[in-house]
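See below for the structure under consideration.
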Amino acid sequence: MSVKLTTRQVGEVTVVDAVGRITLGEGASTFRDNIRDLAANGHKKLLLNLAEISYIDSSGIGELVSGFTTVANQGGTVKLLNLTKRVQDLLQITKLYTVFEVFDDEAKAVRSFA
Amino acid sequence: MSLACRFFVPYTMADHESTQTHTLDLALESSLESVDLAEAAILHEAGALGFDEDDLHKIGISVRECMVNAVVHGNRYNARKKVHVKVSRTPDRIVISVADEGEGFDPSAVPDPLANENLLRFSGRGVMLMRAFMDEFAVSLREPKGTEVRMVKYKAKA
């Protein structure tokens, strides 16, 4: 299974619910294309819900970082929600916890964009 | 999925069970399908050895990173080049070797992905993940050309 992204609007925040795997190949390119489309269409407050992401490799991590910089370059922000233990571990190992704001409560995460 | 590969499963049985070795030898095409194939084959071996879910995930992601490096950076998707995968397992460990036929890779040339100035780089984290997830990790150059990565995971290493 690749990755499937669905979006919903909570006030000014676009919540992206991601399901599946973000790995080199289809998963990474689908993720990249979706985030770039959202940024190009003016979505500047993105909250990525990764609760249903079962697997991420270094290419997937690269896409998270790329999405972060793409949106930031357009004056926006990407934050992360509901990381699995494995994704948490990856962010710890790669020190990306120092880059991303991470939440485990959606309402709190949405409020943080205000 | 292309299965244009050699698939040998020789068993070497010694007198004592603790020295029993099971080996797997694959020669895979330089394609992303081979990444999935190698991961599945090695996870089957590791699962048979009794690694828990957490260790299986660490082994799986390490194999993926290693295979991607071999296919993408080593062989550069060249259809005439193979990725050679060897796996041996004894009751206490799994030993994985992945070798490409590329120009050779120097891991020390990879910028430190944990340096502040590199945190937002798109790539360059694969070797770090393999080092973090496996108990042993070593890179050597092959003759006449290519790179071999050898990784070991122990079942009960504290």
- Item | Helix B:32-49 axis, angle to chain B major axis (alpha carbon atoms, nearest 10°) | 40 degrees
- Measuring from a point 7 Å past the Cα of B:Lys145 along Cα-to-C-beta, which residues in the range B:82-122 have an amide N at less than 13 Å? B:82, B:100-105
- Item | Sequence-distant residues sharing a close amide H with A:Ala51 (under 5 Å, placed H) | A:Ala18
- Message: What's the whole-number percent of alpha carbon pairs in chain A lying beyond 16 angstrom?
- Response: 54 percent
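Evaluate E = 1/(1 + (r/R0)^6) for A:Asp104 and A:Val19, where r is the Cβ-Cβ distance and R0 equals 30 Å; express this FRET efficiency to the nearest 0.05. Don't skip to the end; give the middle numbers.
Details: r = 18 Å, r/R0 = 0.59.
After rounding, the FRET efficiency stands at 0.95.
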- Query: For A:Lys45, which lysines qualify as cross-link partners when the Cα separation must be under 16 Å and same-chain residues fewer than eight apart are set aside?
  - Reply: A:Lys79, A:Lys108
- List, in order, the whole-Hz ³J(HN,Hα) value for each residue of the range A:67-74 obtained from phi through the Karplus relation with A = 6.51, B = -1.76, C = 1.60 and θ = phi - 60°; use x for Gly and Pro. x, 4, 6, 4, 5, 4, 5, 9
- Extending each Cα 7 Å along its Cβ direction at B:Leu119 and B:Arg131, get the distance between those two points in nm, one decimal. 1.9 nm
- Query: Which value at 222 nm does the protein assembly as shown reach when only helices count, each DSSP H run of 4 or more adding -39,500 (n - 2.57), with the total divided by all residues and rounded to the nearest 500 deg cm²/dmol?
  - Reply: -10500 deg cm²/dmol
- Message: Once you order the gyration tensor axes a ≥ b ≥ c over the Cα atoms, which shape class does the range B:16-125 get: rounded for a/c under 1.5, otherwise prolate or oblate by comparing a/b with b/c?
- Response: oblate
- Query: Using a Gaussian network for chain A with springs between C-alpha atoms less than 10 Å apart, which of these wobbles most: A:Leu91, A:Leu81, A:Leu50?
  - Reply: A:Leu91
- Task: Using 0.36 nm per residue of separation minus the Cα-Cα distance, give me the extension gain between B:Glu103 and B:Glu53 in nm, one decimal.
- Result: 14.5 nm
- Sort the protein assembly as shown into rounded, prolate or oblate with this rule: let a ≥ b ≥ c be the square roots of the eigenvalues of the Cα gyration tensor; rounded if a/c is under 1.5, and if a/c is not under 1.5, prolate when a/b is larger than b/c, oblate otherwise. prolate
- Query: Using θ = phi - 60° and the Karplus form 6.51 cos²θ - 1.76 cosθ + 1.60, what ³J(HN,Hα) does each residue of the range B:118-132 get, whole Hz, x for Gly and Pro?
  - Reply: 10, 4, 9, 5, 5, 10, x, 9, x, 4, 4, 5, 4, 4, 6
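Where a number appears in this text, it was derived from the coordinates with a stated rule and is not lab data. Keep in mind the model is a prediction, meaning the values are calculated, not measured. Note: ideal-geometry Cβ built from the backbone for every residue, glycine included; neighbour counts use all protein chains shown.
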